[in-house]
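Some notes on the structure that comes next.
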Amino acid sequence: MNNNLIQYILGIADNSLILGQRLGELCGHGPSLETDIAMTNISLDLLGQTRSYYQYVAKLQGGDATEDTVAFLRLEREYKNVLLVEQPNTDFGYSIARQFLFDVFHLALLEELQNSKDETLSAIAKKSIKEVLYHVRFSSDWIRRLGDGTEESHNRIQTAINDLWIFTDELFHQTDADKAMVAEGIGVDVTHLKAGYYQKVSSILEEATLQTPTIEYFQKGGKMGIHSEHMGYILTELQYMQRTYPNMTW
């Protein structure tokens, strides 16, 4: 069992799981029916991608491991998602800003992951990229719409971008497992994506008449399993059925 490979995959998959769970909380609460359905579909896309990754992890772990045990039976410190995706749905602006800041990174990551020497990861990336292209278009359009809309929408989305910006640098932090997989030609060197990411994000913010935040200090820890106060509540809801009724089947 290649533990570095498993940890690398979890670092990608857990982002999609936790963000998908966050978006799932919004089902039935969108500002319009069309937007509500779109965000729910994005949640389903992310969870579908997560399943592919977790099935691969379960295969690597062997024994009684399944995609469900990987998803539901780990402790908080064993989840490797970035802090950005676990931030709460404060309002619609925050949900869109969080989605946008992650989507631009996610697309850049998958574009490179397609070239992985690991055939399974490459195949997942090639399949997922079609969905993530839509995610980027959806969230970017909403950033422009809210930023260049009314005074209230402009101020709210700017506040959301300002507050969430502190979590963006962690997207490019490398764990030991990440470095090991890059060295083997399996993983993506995310440090090479950083300049292009901020250029793309800043360009869209400019189109939306929004300011790109300028801060010197960022928060990180999620990739190392050190999460925000929000993570425990997410897992309480996510894991409830499996924890309450162990080994249940439908």
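The values are calculated or read from the model by the stated rules, or taken from the named source; none is laboratory data. In this text the structure is predicted, and so the values were computed from the model without any measurement. Here Cβ is always computed from backbone atoms with ideal geometry, including for glycine, and neighbour counts include all displayed protein chains. Surface areas here come from the heavy atoms of the whole protein model, side chains and all, with no ligands, DNA or RNA. Shrake-Rupley method; radii C 1.70, N 1.55, O 1.52, S 1.80 Å.
Computed values, structure above
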{"read-out": "Ile6 vs. criteria within 19 Å of the chain's Cα centre (by Cα), more than 18 Å from Tyr134 (Cβ to Cβ) and crowded, with 22+ Cβ neighbours inside 10 Å", "value": "no"}
{"read-out": "Scope the stretch 200-250; condition part of a loop (DSSP other than H, G, I, E, B), at pLDDT 90 or above and more than 24 Å from Thr90 (Cβ to Cβ); matching residues", "value": "Gly225"}
{"read-out": "Any hit, the stretch 41-57, residues being farther than 22 Å from Leu109 by Cβ, over 13 Å from the mean Cα position of the chain (by Cα) and open to solvent by 20 Å² or more (accessible area, probe 1.4 Å)", "value": "no"}
{"read-out": "Test: residue in the stretch 33-40 that is outside any helix (DSSP H, G or I), open to solvent by 20 Å² or more (accessible area, probe 1.4 Å) and farther than 21 Å from Ile129 by Cβ", "value": "no"}
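Residue-by-condition table, conditions (1) assigned to a helix (DSSP H, G or I); (2) among the hydrophobic types (A, V, I, L, M, F, W, C); (3) free of Cβ contacts under 8 Å to residues at least 60 places away in the same chain:
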residue: Asn81; (1), (2), (3): no, no, no
residue: Tyr94; (1), (2), (3): yes, no, no
residue: His154; (1), (2), (3): yes, no, yes
residue: Asp163; (1), (2), (3): yes, no, no
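For (1) of a type in the set (Asp, Glu); (2) surrounded by 12 or more Cβ atoms within 10 Å (Cβ to Cβ); (3) in contact with a strand residue (DSSP E or B) (Cβ under 7 Å, 6 or more places away or on another chain), each residue gets a yes or a no:
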site	(1), (2), (3)
Glu152	yes, no, no
Ile166	no, yes, no
His173	no, yes, no
Asp178	yes, yes, no
Lys194	no, yes, no
Gln211	no, yes, no
Gln242	no, yes, no
